[in-house]
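The values are calculated or read from the model by the stated rules, or taken from the named source; none is laboratory data. As the structure is a computational prediction, the values presented were derived from the model and not from experiment. Ideal geometry is used to build each Cβ from the backbone, glycine not excepted, and the neighbour counts take in all protein chains shown. Accessible surface is based on the protein model in full, side chains and every heavy atom, while ligands, DNA and RNA are left aside. Shrake-Rupley method; radii C 1.70, N 1.55, O 1.52, S 1.80 Å.
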Amino acid sequence: MTTSTEWTPSLWYDTFNELLDDDSELDYGDRWTLKVNYNKTDEITYEERKKGWKVSTHQANGKFQCVSCKKTWGSAQVRLVFRYRLLGGQGTVIMRPFGQACLRCRGDKFNLPGFDKKEVEQALLRQFYKIRKNCYHEEDGEKAEDNGRPSSESEEKTKPHKNHLCQACRVGHCCLDDKDDN
Ligand SMILES: [Zn+2]
Ligand SMILES: [Zn+2]
């Protein structure tokens, strides 16, 4: 299987629009847009919450390539944070991908993840499910219910998480670190 190791925001924007336009994932008449941010965490301030922001996190399968030594590796523990809100007919999703450092080079240089389209779809379908539930108060069940879990859960459990290489861990926002995470 060929998975790009390159971080490709356009793949996310295109898939986002495809799922909305072709598959009508959010068929409520509001306009939804996706943005990418490289600084936001999963922490929502009181002010932000008052303005309608919600947050969800996701673990995806991604691939990396070190910008220095060109080593490549895969990870089932690529952390994504989605902040989202619906305000006056305009829905906004802001995604932040967390990087990983190279095992060989270590250091503070975090490489951004590449994904294949299936992973992008899976992450976005899960996000749309959250939006239907939390912004439109749609009942549980129906479609996307089975998109709620990472595809490689067993792999996640057997592979220890390399905290020192994980950017999310480094800034203290990794759900794999969180014993009470559900
Ligand atoms: Zn390297
Ligand atoms: Zn981590």
- request: Determine if region 10-20 includes at least one residue that is in contact with a helix residue (DSSP H, G or I) (Cβ under 8 Å, 6 or more places away or on another chain), within 16 Å of ligand 2 (Cβ to nearest atom) and among the aromatic types (Phe, Trp, Tyr).
  value: no
Subset of region 16-52 (residues that are within 20 Å of residue 138 (Cα to Cα), among the aromatic types (Phe, Trp, Tyr) and open to solvent by 80 Å² or more (accessible area, probe 1.4 Å)): 28
- request: Mind counting the residues in region 96-119 that are in contact with a helix residue (DSSP H, G or I) (Cβ under 8 Å, 6 or more places away or on another chain) and crowded, with 22+ Cβ neighbours inside 10 Å?
  value: 3
Condition check for residue 62: touching a helix residue (DSSP H, G or I) at 6+ places or on another chain (Cβ under 8 Å), within 15 Å of ligand 2 (Cβ to nearest atom) and not hydrophobic (A, V, I, L, M, F, W, C): yes
message: I'm trying to understand the selection: among the residues of region 55-74, which are assigned to a strand (DSSP E or B), within 16 Å of ligand 1 (Cβ to nearest atom) and more than 14 Å from residue 6 (Cα to Cα)?
response: none
message: Checking the condition within 20 Å of residue 159 (Cβ to Cβ) and open to solvent by 30 Å² or more (accessible area, probe 1.4 Å), which residue from 74, 62, 88 passes?
response: 74
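Quick check on residue 174: is it within 8 Å of ligand 2 (Cβ to nearest atom), surrounded by 14 or more Cβ atoms within 10 Å (Cβ to Cβ) and either modelled with pLDDT of 55 or more or farther than 21 Å from residue 100 by Cα (or both)?
Details: within 8 Å of ligand 2 (Cβ to nearest atom): yes; surrounded by 14 or more Cβ atoms within 10 Å (Cβ to Cβ): yes; either modelled with pLDDT of 55 or more or farther than 21 Å from residue 100 by Cα (or both): yes.
In short, yes.
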